[in-house]
Amino acid sequence: MPQAIATAAEGTRDGAGDAGARSTTGAHGAGTAQAQGSDFAPLLRAVKGQGLLERRTGWYAAGIAANLVALGAVITGMFLLGDTWWTLLLALPLAVFWSRTAFVGHDAGHAQISGDRRASRAIGLVHANLLLGMNEAWWNDKHVRHHANPNHIDKDPDVGVGALVWTQKQAAQREGFARWLTRNQARLFFPMLLLEGIALKISGFQYLRRQPARERLLSALLLVAHLGLYAALLLTVLSPGKALVFALVHHALFGLHLGMAFAPNHKGMEMPDPDGDRWGHLQRQVLTSRNVRGGILTDWFLGGLNYQIEHHLFPSMPRPHLRLAQPMVHAHCQALGMPYAETGLIESYRQALQHMHEVGEPLR
């Protein structure tokens with residue numbers, strides 16, 4: 001499902017994203033099903049009226065070019081330093097610009113960069129499969145299910161049982177080492193992110209078997225090409241021992257950066273009751289998401305995902321427009337009496353870790 005997110009994004013662009021809002025009231029019920037259906041419509045009209053759903057292809061072109069130049073500069077630096085332990089210092093900027101590359105792939109999957117699906121997929125394949133070794137089809141399939149039902153225990157893969165768990169019901173079923181892990185998951189969260197860069201590659205290769213044959217072949221070729229080019233770069237510059245250490249440090253920092261960008265978004269926010277009433281689009285996206293306050297540096301470091309509420313309401317909205325939509329969304333939620341979560345970066349991590357700690361509390 002490589003372009004599933006693009007399809008979903010187009011649905012929101014056309015107003016179809018509010019289809020789910022025509023159901024019964026949720027935890028913060030606002031009246032009848034008809035009233036629920038109207039909650040998002042005025043906001044969508046206002047956002048469209050401001051032109052905030054129009055794409056910023058030039059902005060993205062400049063950003064992609066700058067990121068490629070930065071990656072090239074880091075690689076050039078590696079060759080200039082050569083076979084020395086000092087080259088390991090460049091693992092940090094390389095990890096940072098890899099994260100920038102991942103943000104571009106994310107935005108391409110949401111059809112933020114181009115309305116042409118082939119162009120969007122090409123951008124995703126280059127940035128995810130070739131440059132990062134991460135299967136864009138796997139990411140899109142997982143991510144579109146998350147966007148459709150964020151924090152829904154039965155439908156959002158991001159809160160399914162894995163290395164970490166997100167509800168005390170999930171925690172109660174853990175045994176052995178997994179039980180110990182859950183008991184200590186809050187304090188282990190950031191150390192575990194150091195493994196995420198490698199885990200993303202493994203998951204991408206595992207997903208190949210689920211792809212159609214033609215799509216699988218292209219994805220596999222690009223993933224293998226990435227591994228070959230990455231290994232060739234490191235072994236050309238460094239001795240095998242140093243190359244291995246560089247790869248481990250680089251992937252650890254990459255996973256940590258990505259995890260720090262995604263962790264504040266939903267962890268510790270409301271989780272819809274699987275057996276309760278279905279929430280409307282506005283409720284489903286706002287109540288389960290958390291924004292992170294900050295300036296230009298925060299926007300840059302988190303790839304615009306600090307405007308998580310706006311991103312979930314309008315997944316096809318170009319990244320530079322999210323901050324412009326934020327005051328409109330905030331005011332709309334205030335007018336409806338709907339909670340709008342926004343906090344600082346450090347506080348967002350504290351809230352996420354507190355939730356993980358509380359989930360593991362019964363096991364301690």
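GNM on the chain, C-alpha springs below 10 Å: top fluctuator among Asp275, Asp158, Asp83?
Among Asp275, Asp158, Asp83, the largest mean-square fluctuation in the Gaussian network model of the chain belongs to Asp275.
Please compute the net charge surrounding Pro327, taking Lys and Arg as +1 and Asp and Glu as -1 over other residues with Cβ under 12 Å from its Cβ.
Residues near Pro327 contribute -1 overall.
Pull up the cross-link candidates among the lysines for Lys142, meaning alpha carbon to alpha carbon under 16 Å and not fewer than 8 places away within one chain.
The reachable lysines, counting only those whose Cα sits under 16 Å from Lys142, are Lys155, Lys201.
Rounded if a/c is under 1.5, else prolate if a/b is larger than b/c, else oblate: which is the stretch 77-166, with a ≥ b ≥ c the root eigenvalues of its Cα gyration tensor?
The shape class here is oblate.
Modelled label-to-label distance, Ala122 and Leu88, 7 Å Cα→beta-carbon offset: nm?
It works out to 4.1 nm between the two label points.
Hey, how many Å between the Cα centroid of the stretch 317-364 and the Cα centroid of the stretch 273-289?
About 14 Å separates the Cα centre of the stretch 317-364 from the one of the stretch 273-289.
Give the distance, in whole Å, between the Cα centre of the stretch 126-197 and the Cα centre of the stretch 219-244.
Answer, in whole Å: 27.
For a quick check, take a GNM of the chain with Cα springs below 10 Å and name the residue from Gln211, Gln173, Gln112 with the largest mean-square fluctuation.
Maximum fluctuation in the GNM of the chain, among the listed residues, is at Gln173.
What is the sum of charges, Lys and Arg at +1 and Asp and Glu at -1, for the other residues whose Cβ falls under 13 Å from the Cβ of Leu363?
It works out to a net charge of +2.
Could you provide, to the nearest whole Å², the per residue accessible area of the chain with probe 1.4 Å?
44
Work out how much length Arg323 to Val224 would gain on full extension: take 0.36 nm times their residue separation and subtract the Cα-Cα distance, in nm to one decimal.
31.9 nm
If you roll a 1.4 Å probe over the stretch 188-332 with all protein chains in place, what percent of the accessible area is carbon or sulfur?
Summing carbon and sulfur atoms, their accessible area is 69 percent of the total for the stretch 188-332.
If I fit a long axis through the Cα atoms of helix 57-81 and take the longest principal axis of the Cα atoms of the chain, what angle between them do I get, 0 to 90°, rounded to 10?
30
Relative to a virtual label point 7 Å from the Cα of Arg56 in the Cα→beta-carbon direction, which members of the stretch 298-327 show backbone nitrogen distances below 13 Å?
Residues 299-300, 303-305, 307, 317-326 fall inside that zone.
Report Ile75's accessible area, 1.4 Å probe, all protein chains in place, as a number in Å² to the nearest 10.
Result for Ile75: roughly 60 Å² accessible.
Largest first, how would Leu43, Leu353 line up by accessible area (1.4 Å probe)?
Leu353, Leu43
Taking all protein chains together and a probe of 1.4 Å, list Arg350, Arg284, Arg55, Arg45 from the most accessible to the least accessible.
Arg45, Arg350, Arg55, Arg284
How much accessible area does Thr76 have with a 1.4 Å probe, in Å² rounded to the nearest 10?
70
Exposed loop sites here are GluC sites (Glu not before Pro) in DSSP loop states with at most 15 other C-beta atoms within 10 Å. What is the longest stretch of the chain lacking them?
176-364
Spelling out what I want: for every residue of the stretch 339-350, take phi, set θ = phi - 60°, compute 6.51 cos²θ - 1.76 cosθ + 1.60 (Karplus), and round to whole Hz; glycine and proline get x.
After applying 6.51 cos²θ - 1.76 cosθ + 1.60, I find x, 10, 7, 8, 8, x, 4, 5, 5, 5, 5, 4 Hz.
In nanometres, what is the gap between the two model label sites at Leu235 and Leu208, each 7 Å from Cα along Cα-to-Cβ?
Each label point lies 7 Å from its Cα, and together they span 1.8 nm.
Sticking with the crude label model, points 7 Å out along Cα→Cβ, report the distance from Thr298 to Arg216 in nm, one decimal please.
Reported label-point gap for Thr298 and Arg216 is 4.5 nm.
The values are calculated or read from the model by the stated rules, or taken from the named source; none is laboratory data. All of these numbers come straight from a predicted model, not from anything done at the bench. Glycine gets a Cβ as well: all are built from the backbone with ideal geometry, and neighbour counts include every protein chain shown. Ligands, DNA and RNA are excluded from the accessible area calculation, which covers all protein heavy atoms including side chains. Shrake-Rupley method; radii C 1.70, N 1.55, O 1.52, S 1.80 Å.
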